[in-house]
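A short write-up of the structure that comes next.
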Amino acid sequence: YIVSSLQAYAKGERKHPTMRSVAGTLSEQDMADLAAFYEASGKSAAAAAAAAPVQAPAALKDRMAACVACHGPNFNAPIDPAYPRLAGQHADYLAVALRAYHTDGNAMVGRSNAVMRSQVMQEADGKKKMTFTLAEEKQVAAFIASLPGDLKVVPQSGRH
């Protein structure tokens, strides 16, 4: 997933000026090395087991079916290794990522993955409509963040 994300930043499919400039300087081997490093240092079974999941809001469960189809029933076993494991990710990050798919046609911000965009934006009567309200996206993000997963925060030194 890290490699596919870095490739998307380098191509401009994921839009973030800093990430694009950084990813654009990396070779395929650099990307693979970064992915291997973060995979090796980013797992914690104890932290994942300690998480107490919240229940998905019943009103949103049916609309989350498409999410489960790609990211797995526990959001920790995607059907494709290029798809992210979401369980345990920070809720704020997840909410911002979902909102980024709302943005279309801006070279500096947003995300242009067509599959994800079609999940967060539906077309009805020739008009685009959000699948979830912003408040519902926050609820979805909080639910996914509460799930036990392989992700963990790795403290960094004070150097920048």
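The values are calculated or read from the model by the stated rules, or taken from the named source; none is laboratory data. All of these numbers come straight from a predicted model, not from anything done at the bench. Neighbour counts are summed over all protein chains in view; Cβ atoms, including those assigned to glycine, are modelled from backbone coordinates with ideal geometry. Surface accessibility is based on the protein's heavy atoms, side chains included, excluding ligands, DNA and RNA. Shrake-Rupley method; radii C 1.70, N 1.55, O 1.52, S 1.80 Å.
Taking Lys138, is it basic (Lys, Arg) and at pLDDT below 85? For Lys138, the condition - basic (Lys, Arg) and at pLDDT below 85 - is not met. Just to be sure before I move on: is Glu39 modelled with pLDDT under 85 and either open to solvent by 60 Å² or more (accessible area, probe 1.4 Å) or hydroxyl-bearing (Ser, Thr, Tyr) (or both) in the structure I sent? In short, yes.
In this structure, does Ala69 turn out to be under 11 Å from the mean Cα position of the chain (by Cα), modelled with pLDDT of 90 or more and either open to solvent by less than 60 Å² (accessible area, probe 1.4 Å) or aliphatic (A, V, I, L, M) (or both)? No: the conditions fail for Ala69.
Yes/no matrix, rows are residues, columns are (1) assigned to a helix (DSSP H, G or I); (2) not β-branched (Val, Ile, Thr):
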{"position": "Phe75", "(1), (2)": "no, yes"}
{"position": "Ala107", "(1), (2)": "no, yes"}
{"position": "Val115", "(1), (2)": "yes, no"}
{"position": "Glu123", "(1), (2)": "no, yes"}
{"position": "Lys129", "(1), (2)": "no, yes"}
{"position": "Gln139", "(1), (2)": "yes, yes"}
{"position": "Asp150", "(1), (2)": "no, yes"}
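Looking only at segment 72-82, residues that are under 23 Å from Met31 (Cβ atoms), at pLDDT below 90 and open to solvent by 60 Å² or more (accessible area, probe 1.4 Å) come to 1 in all.
Among residues belonging to segment 1-35 that are in contact (Cβ under 8 Å) with a residue 60 or more places away in the chain and among the charged types (D, E, K, R), point out the one that is nearest to Arg85 (Cα to Cα). Out of the qualifying residues, it is Arg14.
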